[in-house]
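Notes for the one structure printed next.
Readers should treat all values here as calculations from the given coordinates under stated rules, not as data from a laboratory. All figures in this text were calculated on a predicted structure; none of them were measured in a lab. Every residue, glycine among them, receives a Cβ derived from its backbone with ideal geometry; neighbour counts consider all protein chains shown.
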Amino acid sequence: MNTRSQLIHLYQGELSVVISTRGNVPSIVYWGSYLGASQLSDAMFLRPVLGGGIDFDAPLAMIPQHHDGWLGIPGLEGFRTDASAMFAHLQISTIEQSNTSATFELTDTHAGLAVVLRVQIDAGDVLAVSATLRNTGKTSYNLNALRVALPITASANEILTFGGRWAMEFGEHRTPWSDTTISITNLRGRTSHEKWPLIFAGTSGFSEQQGEVWGCHLGWSGNFEITADGVTEHHKHLLLSERLVAGEIILQPGDSYTAPTIYAVHSTNGLSGASQHFHQYVRSLPQHLETDRPVIINTWEAVYFDHDLKTLTALADVAASIGVERFVLDDGWFTGRRNDSSGLGDWSVDATVWPQGLTPLIEHVRSRNMQFGIWFEPEMVSVNSDLYRKHSDWALHDANYEQITGRNQLVLDMSRADVRDYLYAHISKLLDAHDIAYIKWDHNRDLVATGAHAQTLGTYELLDRLKRKHPLVQFESCASGGGRIDFGILPHVSRFWTSDSIDALDRTLIQRGATRLMPHEILGSHIGSRVNHITRRSHSLAFRASTAIFGWLGIESNLLTAPPEEIARLTEVIAKYKSLRPLIHSGRSFNEDHPDTNIVVHGVSNSDGLSTIVSITRLNNGQSNHIDPIRIHDLEPQAEYRISPIYFGTPAFSPHRQLPQWMEDASFSMSGLQLQQIGFICPPLLPASSFIVMLERVMS
Ligand code: DGJ
């Protein structure tokens, strides 16, 4: 094997990525902190050739291949029906590069395959890697997988992954990672609640603020596969790809397949630093809203399917009076939709419930100075619907087998142009006829016994087409809550519904997980009823509000039955939130480590460094009512900060004779260094409560 190589050094901000072309394949040999301008050489990366194996040291190519001596999971898997091209050997034919990007054309003329592999450092020092495979041969090629490998430094010996279930998404799972292989496969046809295409690897005990961390996200809303291989050739690496089912992608001569883009970040200051890179990238995207995001009222947990003009106009009146800025009519407005067993697909206004159409409600909402938004679930069809009676062949299923319904519904085949045209026409018609600012786009079931590639692309295409026709309409991605939150759908939407659980206690952890990837401002977080509809737990308004303000705020409860004190307090909460909104929606968010795992410390610092908001939440009761000091890192060490509590209701402190002294001294301040080293003293919080403070830099 040719051991001479070109080294390509990509760099930006704090990041360096070095790509070697040894063996005429691109391999990332370094991904980490900026290396400076000094010359790099092959000798820094070449390992000895060991006995007992093949006669050279196999490179971990970005698309690993058996022909390079790599005997782990290959990057490209596929075949032609004559059993050729099973092990292609793609070699670099051209390279284009700059300081921040490199594009490799890889070809195998014998196998009739070519790949364009692009590595680019984007905004936020996010490394974006994309690959497109083309069949340059004369027969069809069955693609099983196109995976990209990213090396992880050997000292990363722990893995953090995410998952859960409906109404309890983004739970965090830690696994030691030494000589082991960990793999995550999602076959549910949407991003899913159970598994999330986000993984972090880091040095021992990496935490909110400590440790070197590498993070990878696959920007895709369908099936996926992530493998953390700590075994093969003693090269720790992550492999990320779409998970294809056999026969799903058959490339005819000239056809191409583009793999979902991988987004990768590196941080030397723990998970908070890693997430900040993702957030900066999201904020750099053209569709990221520059304007204030309106406070929402959503009708779902207020009235469910019980739509009635009189009730909803009354709800709109109360909502407007407390400061709500957008009224969202959720599920239940269209033909035959009196419960979840019927109607999906029949996207016209139900004349029995809305005899004068939606105009009276929309005009009423607009007259109260609120925007109007509406719910759709375009990719679904109810068995009991006119659409299904007319076009049962539009459902995505194998007609030879009994169909499995989910929430009584089937899935439409979004790869069909006629299905998309139908949906486009119906959604557009409603948007043309009314003043609608927003669509909540739901997806309430998993896909069964089918691939998800064409389905996912079909949805992206439809969203794209609708956005082009209605550029001012904002879309929200919802999939029974947080089942479709990813960078694949992100270019098409402005908001994500984080979870169907708005139980503040669960939300504390759900939102912590979701903000590992997405910034606050695009994650919907609503204040629900005192007794939560899903967990049946009861939480104070102060706690519900303190949790919900760290997101795009909404209200989701029946304000018509709320006692006057709750309405008055909600009015105050919304006003306070609006004053904090610019900070929470544009600042740097972080979490702090705390010795007590019952305590969650989360904060946001303004980019000008003048103000930082910090929330301390006690999840459960603990051994002691004392809470260890809250140390904050994201501050200027030499600057002085005034500390003051912000209350969203009556404080929930356990029995005490005296609160921390500083709480009674409006002029109390600490330096950034003191806050980092000593921390501030926290009052004795009750379980399921939060304490919020503002740190304001004192200008000398
Ligand atoms: C699931 C969503 O997550 C809810 O917020 C609500 O829109 C329902 N679907 C409506 O069916």
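Below, the figures for the structure above:
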{"read-out": "Neighbour-count ranking [beta-carbon atoms within 10 angstrom, fewest first] of Trp70, Trp394", "value": "Trp394, Trp70"}
{"read-out": "The stretch 349-443: GluC sites (Glu not before Pro) in DSSP coil with no more than 11 other Cβ atoms inside 10 Å", "value": "Glu402"}
{"read-out": "The chain: calculated mean residue ellipticity at 222 nm from DSSP helix runs of at least 4, using -39500 (n - 2.57)", "value": "-5500 deg cm²/dmol"}
{"read-out": "When each of Lys310/Lys578; Lys467/Lys576; Lys195/Lys429; Lys440/Lys469; Lys440/Lys578; Lys469/Lys578 is checked by Cα-Cα distance, pairs over 24 Å", "value": "Lys310/Lys578; Lys467/Lys576; Lys195/Lys429; Lys469/Lys578"}
{"read-out": "Contact order normalised by residue count of the stretch 189-291, Cα under 8 Å, 6+ apart, percent", "value": "30"}
{"read-out": "Cβ crowding within 10 Å averaged over residues, with 8-18, 217-227 ranked highest first", "value": "217-227, 8-18"}
{"read-out": "Karplus 3J(HN,Hα) series, Hz, for the stretch 390-404 with 6.51 cos²θ - 1.76 cosθ + 1.60 (x for Gly, Pro)", "value": "7, 10, 4, 6, 7, 6, 8, 6, 8, 4, 7, 10, 5, 8, 9"}
{"read-out": "Footprinting exposure proxy for Cys216, Cys478 (fewest neighbouring C-beta atoms within 10 Å first)", "value": "Cys216, Cys478"}
{"read-out": "Overall form of the stretch 482-623 per C-alpha gyration tensor (a/c, 1.5; a/b vs b/c)", "value": "rounded"}
{"read-out": "The chain: C-alpha gyration tensor shape, a/c 1.5 cut-off, then a/b vs b/c", "value": "oblate"}
{"read-out": "Cα Rg, Dmax (largest Cα-Cα span) when computed across the stretch 53-135, Å", "value": "14.2, 46"}
{"read-out": "Cβ crowding within 10 Å averaged over residues, with 495-502, 640-647 ranked highest first", "value": "495-502, 640-647"}
{"read-out": "Of Tyr30, Val115, Gly357, farthest towards positive along the dipole that unit charges on Lys, Arg, Asp, Glu beta carbons give the chain", "value": "Gly357"}
{"read-out": "Residues with amide H under 5 Å from that of Trp375, placed H, sequence gap 5 or more", "value": "Leu329, Lys440"}
{"read-out": "Taking Tyr460, Tyr577, Tyr263 and counting other C-beta atoms within 10 Å, the order from fewest to most", "value": "Tyr460, Tyr577, Tyr263"}
{"read-out": "Most to least packed among 349-360, 614-625 [average Cβ atoms within 10 Å]", "value": "614-625, 349-360"}
